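Asks: Quick one: structure below, then a few questions.
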Amino acid sequence: MEKDELNKIIQDEGLTNFNLFEKHSVKENEVVIKKENKSWEVFSTSEKGSAEGIKVFQNESEALDNFTERLRAKNKVLEYFRKKGL
């Protein structure tokens, strides 16, 4: 996957709660992708903002694929809780 494709998916699907390449400081309950030296890290943050499930990739395309999968899953969970009023 390429960055342009990811941006289109985010816009088309209305995905939220993410941090692309450190556009802002890490917040709670978001999916993060960032470049660290010559690798890419993808992880989620907890309700306290701590990193969980860090996965390291050696190529950007694979990292973007994983980021997209996590982001879609996170948004499904958040939508479920919104519908339940939680």
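Asks: Those residues that are open to solvent by 20 Å² or more (accessible area, probe 1.4 Å) and touching an Asp or Glu at 6+ places or on another chain (Cβ under 9 Å), I need them from the stretch 58-74; list them, please. Steps first, answer last, please.
Replies: Taking the stretch 58-74 and keeping what is open to solvent by 20 Å² or more (accessible area, probe 1.4 Å), we get 58-62, 65-66, 69-70, 72-74.
Scanning the stretch 58-74 gives Glu60, Ser61, Arg72, Lys74.
Asks: Keeping to the stretch 1-45, report how many residues are surrounded by fewer than 11 Cβ atoms within 10 Å (Cβ to Cβ) and either closer than 21 Å to Tyr80 by Cα or in contact with a Gly (Cβ under 6 Å, 6 or more places away or on another chain) (or both).
Replies: Number of matching residues: 3.
Asks: Further question: If you take the residues in the stretch 46-57 that are touching a residue at least 12 places away in the same chain (Cβ under 8 Å) and on the phi < 0 side of the Ramachandran plot, which one is most open to solvent (accessible area, probe 1.4 Å)?
Replies: By that ranking, first place goes to Lys48.
The values are calculated or read from the model by the stated rules, or taken from the named source; none is laboratory data. None of the values given here were measured: they were computed from a predicted structure. Neighbour counts are summed over all protein chains in view; Cβ atoms, including those assigned to glycine, are modelled from backbone coordinates with ideal geometry. Just the protein is used for accessible areas: all its heavy atoms, side chains included, with ligands, DNA and RNA removed. Shrake-Rupley method; radii C 1.70, N 1.55, O 1.52, S 1.80 Å.
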